[in-house]
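> Sharing a structure here in structure tokens format.
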Amino acid sequence: MANSGTYRNGDNSKRGAMKLDKTLSWNSSPKSVASSSSKSKPPRRSNTGLLVGSPKNDAGVYGRVRVAVRLRPRNAEELVADNDFADCVELQPELKRLKLQRNNWDSDTYEFDEVLTEFASQKRVYEVVAKPVVESVLDGYNGTVMAYGQTGTGKTYTMGRLGEKNTSGRGIMVRAMEDIMAGISLETDSVSISYLQLYMETLQDLLDPANDNISITEDPSTGDVSLPGATLIDIRDRESFIKLLQLGEAHRFAANTKLNTESSRSHAILMVHVKRSVKGKDSDLASENGNTSNMFKVKPPIVQKGKLVVVDLAGSERIDKSGSEGHTLEEAKSINLSLSALGKCINALAENKAHVPIRDSKLTRLLRDSFGGTARTSLVVTIGPSPRHRGETASTILFGQRAMKVENMLKIKEEFDYKSLSRRLNIQLEKLVAENERQQKSFQDEIERIAIEARERISEAEKNYANALETEKAKYQRDYRESLRKLEEQWSQDQKLHGGGKTKKESQTKGPDKASREEAPKGSSAEVTEFKRLLESETLLRKAAEEEVNNLKTQVMQCRRSEASANSEILKLRKLLEDEACQKRRLEEETAELQSQLLQLSSELDQTGRRLDGSESETFQGGLDSLMSQVRDSQKRESVGGEKASVAKLFEQVGLQKILSLLEADDADVRIHAVKVVANLAAEETNQQKIVEAGGLTSLMGLLTSSDDETIHRVAAGAIANLAMNETNQELIMVQGGVRLLSLTAANARDPQTLRMVAGAIANLCGNDKLQAKLRAEGGLKALLEMVKSRHPDVLAQVARGIANFAKCSKSGKSLLIEDNALPWIMKNANNDGSPIKRHIELALCHLAQHEVNAKDMIGEGALWELIRISQECSREDIRTLARRTLTSSPSFQGELKRLRIEYPWNH
Ligand code: ADP
Ligand code: MG
């Protein structure tokens with residue numbers, strides 16, 4: 001249940017400016033991802049459902065509690081005992097009406113969202129009551145389906161039937177679970193359940209009955225309720241779920257036997273947690289495509305966490321306080337406590353009371369989100385036909401009627417999945433490290449190989465050289481010996497030839513040489529030539545050998561040189577290897593820093609998100625009841641203080657100038673992110689002045705002119721709308737031609753959310769009385785009125801707010817709104833279903849009626865009747881009073897009333 005009704009009656013008549021989407025900053029990024037991913041899957045829509053429209057808006061959508069009534073057929077006993085009597089109720093399902101017999105000749109008629117006769121099948125009951133809620137849960141919202149009624153009227157039949165033998169008998173719990181299992185992907189999503197029983201303010205775990213004192217905890221900042229002690233079991237298939245329900249039923253039966261209670265006195269509560277990951281197109285790591293330069297552009301994936309609560313309440317009949325069931329009076333009070341507290345809370349919410357006694361019982365604490373909170377809630381009230389239980393049936397019907405007045409504000413529950421991002425980063429890091437190690441190893445192998453090759457080549461060359469030298473040497477020696485032998489032969493031949501004369505002459509001459517030399521000219525000129533020839537060939541051989549030696553020398557030189565170059569190559573590779581190792585270390589450091597930044601950012605975003613969630617709705621509050629607003633203001637001060645500190649920290653870290661400069665970045669992604677951050681900051685009042693002074697407004701308007709991207713338009717317009725909350729900024733926006741620009745953006749917009757932002761911005765400008773004439777002259781008013789063509793309720797709500805602001809600030813003369821022909825639309829929407837639209841319009845009518853000059857036109861358009869209606873029916877007392885005062889004080893309206901012979905005011 002909502003925190004004292006905080007979410008209801010959003011209105012901003014106080015300042016003429018509301019914080020348009022604090023949630024814009026926070027939720028628009030998941031939104032864009034979500035919408036892109038949903039392209040592959042058509043949006044779910046139920047044509048049989050009670051609930052109209054589907055929650056698309058991250059700022060929250062009004063969703064009234066829907067109530068169906070189901071009649072049980074007569075049972076065997078009633079067929080006999082009531083044979084002579086008619087049923088106490090008569091159903092008109094096609095009119096969605098139920099007639100309850102008051103006595104024999106008179107009956108009361110009630111309308112419900114759906115009327116289910118005794119012939120309605122379980123399938124139809126599921127589709128009408130629960131299916132739309134289940135679909136919302138799959139889309140990331142909380143949902144509640146609850147059965148209320150007297151014991152024996154079919155609550156458990158409707159909710160808990162397992163239909164084991166005959167599947168057509170399956171109740172809401174089983175069917176909901178089947179739809180959920182069919183709607184998720186087991187690879188990326190998860191479903192888990194808890195099943196509990198609440199009896200005498202004690203919460204017992206039906207999946208682990210020994211655990212019979214489970215406590216309820218509430219997150220003070222978000223109001224989220226959780227049961228940390230309850231067993232939570234992951235569900236992978238239908239069978240395991242059915243088994244768990246059977247187990248729960250058996251435990252419930254055993255516990256009730258032991259406590260000597262009836263199950264009709266206890267509440268059974270099934271909680272289904274659905275966690276789905278929404279993968280955006282750009283949420284993948286850029287480096288996964290092999291592009292490491294973009295490694296730091298990481299976007300975490302998003303998880304949606306919807307929770308479905310199915311409640312089979314205890315029998316609503318009064319129990320005898322005297323303790324007829326064997327209970328003491330104290331016990332009897334305690335048995336009734338949760339159910340009567342639920343009744344009180346629903347009464348308080350239905351009547352817009354300031355205090356809703358949520359804390360009075362465990363049941364109401366558990367269901368705080370279901371009534372007046374953010375969940376989509378559907379209630380089925382079960383009744384029996386017997387006239388003997390007319391009293392109980394009447395009180396059940398009245399409970400249902402009151403529940404139909406409770407309004408919730410549906411909100412999507414999604415957050416960034418930093419855990420999976422961190423997992424992916426780690427995998428990426430490991431891959432990089434492995435790759436690096438592989439490279440290092442291959443470098444070393446290469447170096448080894450080159451070194452071995454070089455060594456082999458050197459030893460080969462040395463061996464070749466040595467061999468060549470050896471053969472050369474052997475050859476010389478051989479030649480030498482040969483020549484010597486030849487000379488000796490020659491000599492001995494000569495000796496033989498000149499044998500006799502030689503001895504004689506020997507003593508006379510100095511030696512045989514001399515003698516032969518002296519005698520040679522005579523006998524051996526041929527020998528001389530032979531010698532010469534030998535000598536020449538000898539010289540030639542020597543030269544060739546010398547050449548060969550030289551050749552080998554140059555070869556050795558070359559070998560030496562190539563060895564040197566191989567060495568220098570090795571040195572180079574070593575250096576490269578060191579560089580690579582250095583690079584790796586740097587990458588590791590960067591990744592570690594990135595991870596710690598991410599961690600910090602995630603916790604900051606979580607905190608900021610929680611604070612934003614906790615405080616945003618409060619800005620919508622009209623502030624009617626001073627008591628309530630005092631309480632709230634003190635809460636708000638605390639939470640806003642924390643939030644500011646966190647935003648300021650982000651500021652310090654990045655710097656506003658840097659963020660603004662990113663608005664002009666070349667990369668479209670960066671631009672979109674930057675404009676989202678600016679819009680986020682602009683939602684904070686303390687930042688608005690700073691952003692404008694740093695040129696942020698001019699940059700945002702520049703983006704509207706220069707960019708063709710609708711997302712940029714939407715977010716930039718949202719940021720401008722936020723800035724337009726401040727009076728100085730409103731003037732600046734006007735002076736810089738912002739109105740024309742916004743009108744142009746609206747004319748080109750396709751997404752209704754863009755229109756909503758633009759309309760929000762213009763609506764804020766409408767609240768400044770000094771700028772009204774200029775706003776109209778520049779076409780702002782016309783653009784605002786044009787936007788009603790969109791028909792989207794969010795856009796209409798902003799247009800209506802703008803009109804109310806404009807009407808409120810018009811000082812004198814006939815209202816420009818009437819001159820611009822806005823009255824017919826105002827009249828047409830004065831009774832619009834969307835409650836914010838209706839309230840703004842009612843306010844606008846009352847303000848217009850304040851000025852006598854407008855009266856004639858207003859009467860002409862039939863506004864008199866609207867004012868009379870507002871003076872009686874408007875849910876807000878201040879507007880009712882304003883309408884009544886205007887009707888009684890305006891001469892024109894008085895004159896018209898007189899002419900029509902209506903006496904006003906009359907007593908109500
Ligand atoms: P409750 O939980 O409200 O006390 P039950 O679901 O136990 O009521 O229903 C009481 C009896 O009425 C059961 O025997 C059940 O089978 C029967 N019953 C209830 N609703 C229907 C229905 N729509 N059609 C047929 N039998 C029903
Ligand atoms: Mg029951």
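The values are calculated or read from the model by the stated rules, or taken from the named source; none is laboratory data. Just so it is clear, the model here is predicted, and its values are computed rather than measured. Positions of Cβ are generated from backbone atoms using ideal geometry, with glycine treated the same way; all protein chains shown enter the neighbour counts. For the accessible areas, the whole protein counts, side chains as well, though only heavy atoms, and no ligand, DNA or RNA atoms are used. Shrake-Rupley method; radii C 1.70, N 1.55, O 1.52, S 1.80 Å.
> If one puts a single equal scatterer on every Cα of segment 359-501 and applies the Debye formula without solvent, what log₁₀ I(q)/I(0) results at q = 0.13, 0.16 Å⁻¹?
Debye output, listed in q order: -0.94, -1.07.
> So if I take the alpha carbon set of segment 529-584, get Rg, then get Rh from the Kirkwood formula, what is the Rg over Rh ratio?
Checking Rg against Rh, the ratio lands at 1.60.
> Mind checking the dipole of segment 373-461: about its Cα centre, +1 per Lys or Arg Cβ, -1 per Asp or Glu Cβ, Debye to the nearest 20?
1220 debye
> Given a cut-off of under 8 Å on Cα pairs at least six residues apart, what relative contact order in percent is computed for segment 729-829?
Contact order relative to length: 29 percent.
> List the pair-distance distribution P(r) of segment 860-900, using every Cα-Cα distance, as the percent of pairs falling in each 5 Å bin from 0 up to the bin containing the longest distance, rounded to whole percents.
Values per bin, smallest distances first: 6, 26, 32, 23, 10, 3.
> With unit charges on the beta carbons (Lys and Arg positive, Asp and Glu negative) and the dipole taken about the Cα centre of segment 373-453, which residue among Gly373, Ile450, Gln428 sits farthest to the positive side?
Working it through, the farthest residue towards the positive pole turns out to be Gly373.
> Then there's this: Considering only protein heavy atoms, what is the solvent-accessible area of Tyr62 at a probe of 1.4 Å, reported in Å² to the nearest 10?
Here the residue's solvent-accessible area equals roughly 70 Å².
> Okay, moving on. Dipole magnitude of segment 91-201 about its Cα centre, charges +1 at Lys/Arg Cβ and -1 at Asp/Glu Cβ only, in debye to the nearest 20?
About 460 debye.
> Could you tell me what percent of the accessible area of segment 114-237 is made up of carbon and sulfur, with a 1.4 Å probe and every protein chain present?
48 percent
> Let me ask something else. Keeping all protein chains in position, work out how much accessible area Val549 exposes to a 1.4 Å probe, and write it in Å² to the nearest 10.
Roughly 50 Å² of Val549 is accessible to a 1.4 Å probe.
> Which entries in the list Lys155/Lys279; Lys486/Lys543; Lys299/Lys413; Lys307/Lys789; Lys411/Lys676; Lys96/Lys165 go over 30 Å, if you measure between the two C-alpha atoms of each?
The pairs that break the limit, which is 30 Å between Cα atoms, are Lys155/Lys279; Lys307/Lys789; Lys96/Lys165.
> Looking at the square roots a ≥ b ≥ c of the eigenvalues of the Cα gyration tensor of segment 760-908, which shape do they give, rounded for a/c under 1.5, prolate if a/b is larger than b/c, or oblate?
Judged from the Cα gyration tensor, segment 760-908 comes out prolate (a/c at least 1.5, a/b above b/c).
> For Trp105, Trp865, Trp491, Trp825, write out the residues from largest to smallest accessible area, computed with a 1.4 angstrom probe and no ligands counted.
Most to least solvent-accessible, the answer reads Trp105, Trp865, Trp491, Trp825.
> Here's a follow-up. Sequence gap at least 6, Cα distance under 8 Å: using those rules, report the relative contact order of segment 795-908 to the nearest whole percent.
Once divided by the residue count of segment 795-908, the mean separation gives 23 percent.
> What would the Debye equation give as log₁₀ I(q)/I(0) for segment 81-238 at q = 0.08, 0.19 Å⁻¹, counting only Cα atoms as equal point scatterers?
One equal scatterer on each Cα of segment 81-238 leads to -0.35, -1.36.
> Roughly how many debye, to the nearest 20, is the charge dipole of segment 669-825 about its Cα centre, given +1 on each Lys and Arg Cβ, -1 on each Asp and Glu Cβ, and no other charges?
420 debye
> Further question: Under the definition of Cα pairs under 8 Å and six or more residues apart, what whole-number percent is the relative contact order of segment 326-463?
20 percent
> Rank these residues by their accessible area, most exposed first, probe 1.4 Å: Glu111, Glu472, Glu548.
If we order Glu111, Glu472, Glu548 from most to least accessible, we get Glu111, Glu548, Glu472.
> Please state the shape class of segment 110-168: rounded when a/c is under 1.5, otherwise prolate if a/b exceeds b/c and oblate if not, all from the C-alpha gyration tensor.
In terms of gyration-tensor shape, oblate.
> Turning to a different aspect of this structure: Would you work out if segment 304-415 is rounded, prolate or oblate? Take a ≥ b ≥ c from the square roots of the eigenvalues of the alpha-carbon gyration tensor; rounded if a/c is under 1.5, else prolate when a/b is larger than b/c, oblate otherwise.
prolate
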